[in-house]
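See below for the structure under consideration.
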Amino acid sequence: EKFDLKDLILEVIEELEQKAAKRDVLIRFFYDKSKTFLTTADKDKIFRVCQNLISNAIKYNHDGGEVEVILQTNKSQHSVEVKDNGQGIPPEDLKRIFERFYRVEKSRSREKGGTGLGLAIVKHILEAHQSKIAVSSTLGKGSIFSFSLPVEKKKESSDK
Ligand code: ATP
Ligand code: MG
């Protein structure tokens, strides 16, 4: 269905605000208020993608950390970036975090709770949308997860 990604992200952030506040993590959302971010996709599934990414950015952050969600658009794609300034991911683990049940540093991850399924689901959902998840991370500095979805084109009668 057709929906505005900005509204969806606002809903996800609202849902996760309490979880963030408990850890004194600030979530900031950047987007151009004069724009719309319409896309056509499975809304519930894209909600889960954003929920997983933002919830990881909170969970693997340090107390008092920051999460930035950046929504941008060009002619054909909307891009969503979720940045945290948490612990980061070691380079040797980066390519494996999208595997089911894979968790970096088992003991530390275990205290945080979770199953190691979140990112596998994210990857699967985005692939079903002909999209993919990208990650870059610096150990001790933080991580950036990003993905894109197509811009819903307005119908142009001049085409005919
Ligand atoms: P679940 O999402 O199923 O509750 P999970 O968060 O452990 O559990 P994933 O979301 O798949 O599972 O993430 C896999 C692993 O990747 C995590 O255990 C964690 O080690 C690492 N990871 C994910 N996101 C981040 C992040 N933003 N910063 C640092 N490490 C991360
Ligand atoms: Mg997770």
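Values quoted throughout were computed directly from the atomic coordinates according to the rules given, and no laboratory measurement underlies them. Every value quoted in this text rests on a predicted model; they were computed, and no experiment measured them. Heads up, the Cβs are rebuilt from the backbone with ideal geometry, glycines too, and the neighbour counts pull from every protein chain shown.
Observations on the structure shown:
- For region 1-142: Kirkwood Rh in Å [reciprocal of mean 1/r, alpha carbons]: 15.7
- Restriction of the trypsin sites (Lys or Arg not before Pro) in region 78-133 to DSSP coil positions whose beta-carbon has at most 13 other beta-carbons within 10 angstrom yields Lys95, Arg96, Arg100, Lys132.
- Nitroxide proxy distance, nm - points 7 Å out along Cα→Cβ at Asn74 and Lys35: 1.1
- Scalar couplings 3J(HN,Hα) for region 140-149, obtained by applying the Karplus form with A = 6.51, B = -1.76, C = 1.60 to θ = phi - 60°, are x, 10, x, 9, 10, 10, 9, 8, 10, 9 Hz; x denotes Gly and Pro.
- A Förster distance of 45 Å, applied to the separation of the beta-carbon atoms of Leu10 and Glu92, puts the FRET efficiency at 0.80.
- Neighbourhood charge, 11 Å Cβ-Cβ cut-off, centred on Asp42 and excluding it, Lys, Arg +1 and Asp, Glu -1: +1
- Cleavage-rule hits (trypsin sites (Lys or Arg not before Pro)) in region 1-78: DSSP loop, at most 12 neighbouring Cβ within 10 angstrom: Lys33, Lys75
- Looking at region 1-65, none of the chymotrypsin sites (Phe, Trp or Tyr not before Pro) sits in a DSSP loop with at most 16 other Cβ atoms within 10 Å of its own Cβ.
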